[in-house]
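Notes follow the structure.
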Amino acid sequence: MIVAPAIGAAVLGALAHGALYPNSPLFGHVIAHIGTDQPALALTFDDGPNPEATPAILDALGARGVKASFFVLGRHAQRWPELVRRIADEGHSVCNHGFHHRKLHLKSPSYVRNDLELGTRAISDASGVRPRFFRAPHGFRSPWVTTIARSLGQRTVGWSRGVWDTARPGVDVIADRTVRAAKRGAILLLHDGDGYDPLGDRTQTARAVPLIADRIREAGLEFVTLDSAA
Ligand SMILES: [Zn+2]
């Protein structure tokens with residue numbers, strides 16, 4: 001009997017695809033691009049706030065009038081609520097990245113709901129804003145992650161291109177990769193924090209942001225937030 005193992009492998013393959021690929025539609029709709037008629041894209045920053053990188057990034061964005069979207073981790077929002085407040089006050093989108101930053105694809109529905117609710121509460125308490133978008137840690141989902149996010153009023157967001165800035169490849173490499181991935185409608189993934197170490201070093205990303213903003217503008221593209229575009 002060969003058919004059954006083959007089907008089993010196909011099902012497992014499909015489930016793995018849905019769990020591990022951030023934009024797979026298998027486990028519910030994920031926003032992977034913004035719909036826009038304008039030559040515009042969305043810069044997104046995950047895992048913050050971080051006491052060193054987040055203020056530097058906000059300074060660089062503010063000096064240029066660039067708006068971005070921050071997928072804030074509840075655990076870090078509780079520690080640095082004033083930074084989450086600043087993100088909101090300066091006109092950026094404040095979005096939910098959950099609380100603990102555990103991979104959610106093998107977690108129970110009650111775990112997922114609790115993590116998303118804790119994240120939402122920490123972000124709302126810090127900023128006064130109720131997030132409208134959720135991104136799963138590492139993009140890993142299960143059949144109920146997007147459903148639970150939707151029940152909290154949050155649409156699930158993936159990304160069109162990750163820059164892998166978490167590996168700290170150098171400021172110029174981060175800038176080059178980001179500029180190469182910049183296209184109309186793109187959702188670009190960078191990190192202002194570290195999902196595991198609250199004090200993790202994201203200064204390379206922070207130093208790349210001025211280069212990224214200036215070079216993408218020179219290429220004729222503008223920046224929009226998820227709240228304004230998605
Ligand atoms: Zn993350």
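Values computed for the structure shown
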| quantity | calculated |
| --- | --- |
| Filtered residue count, region 192-207, keeping only those that are touching a strand residue (DSSP E or B) at 6+ places or on another chain (Cβ under 6 Å) and β-branched (Val, Ile, Thr) | 1 |
| Condition broken by residue 121, with the remaining ones in (1) modelled with pLDDT of 95 or more; (2) assigned to a loop (DSSP other than H, G, I, E, B); (3) farther than 30 Å from residue 218 by Cα; (4) more than 16 Å from the chain's Cα centre (by Cα) satisfied | (2) |
| Given (1) closer than 20 Å to residue 140 by Cα; (2) in a loop (DSSP other than H, G, I, E, B), number of the condition residue 183 does not satisfy | (1) |
| Wholly enclosed helices (runs of 4 or more DSSP H) of region 35-111 bearing at least 3 residues of a type in the set (A, V, I, L, M) | 53-64, 81-89 |
| Subset tally (residues that are away from the ligand (no atom under 12 Å from the Cβ), without any contact (Cβ under 8 Å) to a residue 60 or more places away in the chain and surrounded by fewer than 20 Cβ atoms within 10 Å (Cβ to Cβ)) for region 89-105 | 2 |
| In region 68-83, residue surrounded by the fewest Cβ atoms within 10 Å (Cβ to Cβ) [restricted to those that are under 18 Å from residue 209 (Cβ atoms) and within 16 Å of the chain's Cα centre (by Cα)] | 68 |
| Complete set of residues in region 135-153 that are part of a loop (DSSP other than H, G, I, E, B), more than 16 Å from the ligand (Cβ to nearest atom) and of a type outside the set (Gly, Ala, Ser) | 143, 144, 152 |
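The values are calculated or read from the model by the stated rules, or taken from the named source; none is laboratory data. Keep in mind the model is a prediction, meaning the values are calculated, not measured. Neighbour counts run over all protein chains shown; Cβ positions are idealised from the backbone, glycine included.
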